Each structure stands twice: as structure tokens, then as C-alpha cells.
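Input: a single structure, listed below in C-alpha cells.
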Amino acid sequence: STCPTNFDGGEPGMIQLDDETMKRYLADGYLTLQTNFPVEFHRGIWEQAERIFEAEGNPGNDIYPRVKELGEVLDHPGVRGALTGILGPDYFLHPHRHCHQTPPGKDAQSNHKDSYEDDENVRHHRSRWAMVFYYPQDVDAAIGPTAVTPGSQYFTESASLDALEEVKLCGPAGTVTVVHYDVWHRATANQTDQNRYMMKFLFCRKAEPTSPAWNLVSSSGSSFSRNPAICRHLWDWNRGDNQGGPAAIDPEKAARLEAELTKGPEPQRIDASYALGEAGEVDRLLESLRRETVLKLAENLERSHTNAAQVDAVYGLTVAGAAAIPALTELLQDSEWPTRAACADILGNIGRPAASAVPALTESLADESEWVRRNAAEALGTLNAAKAVPDLTGSLSDESDRVRHNALLSLLKIGRPAAPAEPAIRRALEDENRYVRALSRQTLRAIDN
């Protein structure tokens, strides 16, 4: 069962998360809360969904503009407070959203991580993406609730879920769950005679954290029972503190961690990667990165919704931060494109300390590899690289949907300084890709604000 947090939505302002709720999100990958709209409000949304599905089937991304009351749900003080604490105060709604209908008798889904069809992110641990699940009707275990696996957001292999226990997101009409974009989840079987609806929305962080976006009382991040090394790092990062220096370890321990990074179960490998990063063992992590990006390339390209740069050393090099930036920047010229793609991704994931890499990442927008260009385009937005606006503008003509999409996301994050790109963004309003078109509209609004 879940432990919903009840909010008094009568207040006009936002309701902030507290320390314990933020820690619970970092550990579990989800928060469930209750909106306080009247029962009739949620019933009205459910009835609109029924009419739309009966008349024309699933409206896909258009569910949001078709049911205007959904905007009130997303603007609820508790929902805004949760999203602000997790993604920062200037988060934005991505054009990908979906209304999931589970009709009577439908079997359960398989466990999966979400993605949308036209892009493949590296699965990052830092909170730059989150989803909202909203139920417009009462949901119990029989009607097919969404099940999430707490703590699974940090793992990409299904075998890593074996030691974890899933939770069904039950609750009354108006239940909202904010989830880490990478949490494993599934729809369970509907054993009733009613349709079950769940409206899903995708949100994105606009700017890297420089201070806590929740009601921080204690700066201590030591009390995590699940994935403590990961959660302590993320606690500090969300507070705006990612400048810590390395905690040196002896060579024997470093060698053991390096061996663990390349074998064994995924949780052990990721813990080893974090430990090497915290110790500043950049050379060992880079050796693993260069080896694994090539060895795992075929597997990564074969798996759906998987970036070519998905390897465990990514996490440790991100934790190493400033110490890894010179070598990562140099490796943007490596002869192996999977290594270049991974380095572009990591430099973006490091965030603000990697500002010196902006010129090299800008050059990578012209790389022969689509994956390098895609990862570099995303990284430049994370780094808020206004100097890269001319080159990101050129990327709006890239042959790859992924590159054009991420170039627009980056121009959106850059905001007003991206104004010189406006003519190209207006041309992108006619792009063949629906997400490029939608993001063009959002980016134009961001430039005007």
C-alpha cells in the first residue's frame, strides 16, 4: 500500500516538500499525494475520457488540450510543490503525455521504463525528468492500478528488480503520483467491469539546481536505507552542492572496485562506479568507459529506448565532476564514436562545473555520429550554453529527429538569449516530427518570456 501525503489545496500558494518527503522520493522514486477537488470534478474528467475513447479512441498527446480541467490538476498547490522540489522552480511540461485506458479484463503489462518514441535518453540518476500519474476515479487493487517498484529508478537491467518489491498505486479519485522518469512500472490486470483511466504527463527541469527547491531544514543526507551512496550524492546535488573534492582510497581498494565495475550484478557495479567517482579515480573509470561503450554497443542499440552511451562508468565520472572534465573533453575527439557519445553525455550530466567544455561540445554538433550529435545537443541545454545558440540553430536542420528534438529542448532551456534562433524555430513549426513541432511552439514562448 502507499502512504499518500494529504495537502490542503485551499491555499493560493505552493505547498513545498519537506526534507523527509524529498528523501523518500530520492530513495523510492515516487511520491503519492491527494488533490482535494470535489468528487464531481474528477468524475467529470473520467466522463470526458469515456466519451473521447468511445467516439475516436485514444487521443494520445491531445488528451491535455481536450480536457481542460487537467490543467487544474497539474496546477494544484501540492502537485506544483512536489514538481518544484524535484525539478526546480522553472520546470516545464513536455509535449509527450498519454491517457492510459485499462479496459475490463485486460491483462497486466510487463515491467518497463518509460520513453517516448522519438528519442532515447541515457538513464540518468539526477532529477531532470519526472512524470505525473493522475487517476480520475477510485482505484483499488482489482481495477488495474499502476504498480511501481520503489528504488528501481537507478537500474536498467530487469534482474535488478528481483530483490525489490513492487507497490500498487491505489487511492481515491484525484490521486496523483509523481515518479522519477526512470522508475520501473506497469499497469496491472483490470478484474472489474469498468474502464480504468490514468493520465500521464512528462515534465523537464529547465535549470540545474543552485539551492534547494523544497523546505530544507537539515542539510544532512545520511539517513538513506536504500541505495545510500546514490541517494546521498543526489541529496547534495539537489541542494546545489556538486563541488565536493575526492575522498582518496588506497590502490588495493581502487583495484577491487574497478574489478567490481565490470562484473557482478548491476547494483554492485553501480555502487563501485559511485565509489570510484567519489575517490577521484578518473583514469580507472575512463578505461572502463572506453572498453564498455564498445563492448556494449550492439546490446545498447538492440534494446528499445536505450542510448548508445548507456554504461555504468557514466555514473562514476559524473560523480567525479570537475576532476574528469579535461579528459572527457579531450575524448570528444576519440576515434570510437560510442566513446565520444558517452563523453558528450557525461559532460552534460556533470552540469555547471563542465562549462569549460561548451566549445568542444559545440564542435560535436557536427560529428559524423548521430548519437554524438544527439548527446551534445542535450548537454548544451543542461549547461545553459548561450554561446552555442548559432550551432544549435544549425542543428534544427539535422537529418536526425533526435538531434532536432534535443536542439530545441536546449534552446528552450536557454530562453531569451536564444532569440537569434527564432526564424529557424519558426521554420521548425512545419517539421515532419510531431515533437519537434510542439517543442518549437514552446521554445518560441520561452524566448518571448
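Of all lysines in the structure, those lying under 16 Å Cα to Cα from Lys68, and not within fewer than 8 positions of it along the same chain, are Lys200. Between Glu399 and Glu69, the C-beta separation translates, for a Förster distance of 30 Å, into a calculated FRET efficiency of about 0.15. Against the empirical 2.2 N^0.38 Å (N residues), the chain has a Cα radius of gyration ratio of 0.96.
Could you please state how large a percent of the accessible area of segment 340-442 is carbon and sulfur, counting protein chains only and using a 1.4 Å probe?
Answer for segment 340-442: carbon and sulfur cover 46 percent of the accessible area.
The fraction of accessible area contributed by carbon and sulfur in segment 240-314 is 49 percent, rounded to a whole number (1.4 Å probe; ligands and nucleic acids excluded). Near Tyr30, the amide H atoms lying under 5 Å from its own belong to His180; only residues 5 or more places off or on other chains count, and H is placed 1.01 Å from N. Taking a sphere under 15 Å around the Cβ of Pro420 and counting the other residues whose Cβ falls inside, with K and R at +1 and D and E at -1, yields a net charge of +1. The gain in end-to-end length when the Glu302 to Ser218 segment is fully stretched comes to 25.8 nm, 0.36 nm per residue minus the alpha carbon separation. Of the candidates Pro390, Pro77, Pro353, which one comes out as most mobile in a Gaussian network treatment of the chain with C-alpha springs shorter than 10 Å? Maximum among the listed residues: Pro390. Under 5 Å from the amide H of Trp129 lie the amide H atoms of Tyr181, Arg205, each residue being 5 or more positions distant or on a separate chain, with H modelled from the backbone and absent for Pro and chain starts.
Every pair of different Cα atoms in segment 54-199 enters the Kirkwood calculation, which places the hydrodynamic radius at 16.2 Å. Could you work out the longest stretch of the chain that avoids the GluC sites (Glu not before Pro) located in DSSP loops with at most 12 other Cβ atoms within 10 Å? No qualifying site falls inside 166-367, the longest such stretch. In the chain, the longest principal axis of the Cα atoms and the axis of helix 266-278 are about 50 degrees apart. Normalising the average separation of contacting C-alpha pairs (under 8 angstrom, six or more residues apart) by the number of residues puts the relative contact order of the chain at 14 percent. What the chain shows is 39 Å² of accessible area per residue, with the surface traced by a 1.4 Å probe over protein heavy atoms. Rounded if a/c is under 1.5, else prolate if a/b is larger than b/c, else oblate: which is segment 370-449, with a ≥ b ≥ c the root eigenvalues of its Cα gyration tensor? Cα axes put segment 370-449 in the oblate bin. Candidate cross-link partners of Lys413 among the lysines, defined by an alpha-carbon separation under 21 Å and a same-chain spacing of 8 or more, comprise Lys206, Lys387.
Rounded if a/c is under 1.5, else prolate if a/b beats b/c, else oblate: with a ≥ b ≥ c from the C-alpha gyration tensor eigenvalues square-rooted, which is segment 160-276? The shape class here is oblate. Compared with the dominant Cα axis of the chain, that is its longest principal axis, helix 370-382 is turned about 80°. Backbone phi angles across segment 158-172, fed through the Karplus curve with coefficients 6.51, -1.76 and 1.60 (θ = phi - 60°), yield HN-Hα couplings of 4, 4, 5, 7, 4, 8, 10, 10, 6, 10, 8, 8, 8, x, x Hz in residue order; Gly and Pro are listed as x. Which distance in Å, rounded to a whole number, links the C-alpha centroids of segment 384-409 and segment 132-147? Segment 384-409 and segment 132-147 have Cα centres spaced 38 Å from each other. Extension gain for Leu93-Arg352 works out to 91.0 nm (0.36 nm per residue, less the C-alpha to C-alpha distance). Label positions at Leu429 and Asp118, each projected 7 Å from the Cα along the C-beta direction, are separated by 1.6 nm.
When nucleic acids and ligands are ignored and a 1.4 Å probe is applied, His112 ends up with an accessible area of around 50 Å². Just to confirm the filter: which trypsin sites (Lys or Arg not before Pro) across segment 42-107 are DSSP coil and have at most 16 other Cβ within 10 angstrom of their Cβ? Loop-located and lightly packed - Lys68, Lys106. Starting from the Cα gyration tensor of segment 242-296, take the square roots of the eigenvalues, sort them a ≥ b ≥ c, and report rounded, prolate or oblate (rounded when a/c is under 1.5, otherwise prolate if a/b is larger than b/c, else oblate). Taking the square roots of the gyration eigenvalues as a ≥ b ≥ c, segment 242-296 is prolate. The simple spin-label model puts a point 7 Å past each Cα toward its Cβ; for Asp241 and Glu266 those points are separated by 3.0 nm.
The values are calculated or read from the model by the stated rules, or taken from the named source; none is laboratory data. Computed from a predicted model, the values in this text were never measured in an experiment. Because the Cβ atoms are built from the backbone with ideal geometry, glycine has one as well, and the counts that use them run over all protein chains shown. Just the protein is used for accessible areas: all its heavy atoms, side chains included, with ligands, DNA and RNA removed. Shrake-Rupley method; radii C 1.70, N 1.55, O 1.52, S 1.80 Å.
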